[in-house]
Amino acid sequence: AQYDLTYYEIESEITSTLKYSQKEVRFKVYIMTQHDEPVLAIMEEHDIMIHELLASIVSDKTEWDWARARPNFRIELAEEFKIVINSILESLTGFGGVEEVGFTAFVVK
């Protein structure tokens, strides 16, 4: 059933420090896909690489990015994550398949 949506959560919490800052961001993400079998298998196999890439994206953000886009920061970050995860999947398999990325936890301190 190609319209069934499947959610996959990257189990470990991701921690990163904002650029030029002592502020730490801790988050957990999930992906949503309609193509569960191939996408979930690849996500599980490459979990660590995806984890590290998402952490590096956050470590390239500054407090200014966070303050300037506060209401939309997580939405924009999730969209950037989706693009990056799809590009990883496409480079590994020729197929993306991630429809949405979201957060199950998100803390800045």
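The count of lysine pairs in the chain that are at least 8 places apart or cross chains, and whose C-alpha atoms lie under 16 Å apart, stands at 7. Think of the chain as a dipole: +1 on every Lys or Arg Cβ, -1 on every Asp or Glu Cβ, centred on the Cα centre; then among A41, Y20, L5, Y20 lies furthest on the positive end.
As a size descriptor, the averaged projected area of the C-alpha convex hull of the stretch 40-103 was calculated at 4.4 nm². Which of the chymotrypsin sites (Phe, Trp or Tyr not before Pro) across the stretch 1-53 are loop residues per DSSP, with 11 or fewer other Cβ within 10 Å? Answer in residue order: Y3, Y20. Given all pairs of different Cα atoms, what value in angstroms does the Kirkwood hydrodynamic radius of the chain take? Kirkwood hydrodynamic radius for the chain: 14.3 Å.
Accessible surface for the chain, divided over its residues, is 58 Å² per residue with a 1.4 Å probe.
Angle of helix 73-93 to the longest C-alpha principal axis of the chain, folded into 0 to 90 degrees and rounded to 10: 40°. Farthest toward the positive end of the dipole of the chain, out of T104, W66, I31, is the Cα of W66, where the dipole comes from beta carbon charges about the Cα centre. Surface composition of the chain: carbon plus sulfur atoms hold 49% of the accessible area, using a 1.4 angstrom probe and ignoring ligands, DNA and RNA.
Taking every DSSP helix (H) stretch of at least 4 residues in the chain, weighting each as -39,500 (n - 2.57) and dividing the sum by the residue count yields a mean residue ellipticity at 222 nm of -14500 deg cm²/dmol.
The values are calculated or read from the model by the stated rules, or taken from the named source; none is laboratory data. Since this is a predicted model, take the numbers as computed values, not measurements. All Cβ positions, glycine included, derive from the backbone under ideal geometry; neighbour counts span all protein chains shown. The area values use the complete protein model at the heavy-atom level, side chains included, leaving out ligands, DNA and RNA. Shrake-Rupley method; radii C 1.70, N 1.55, O 1.52, S 1.80 Å.
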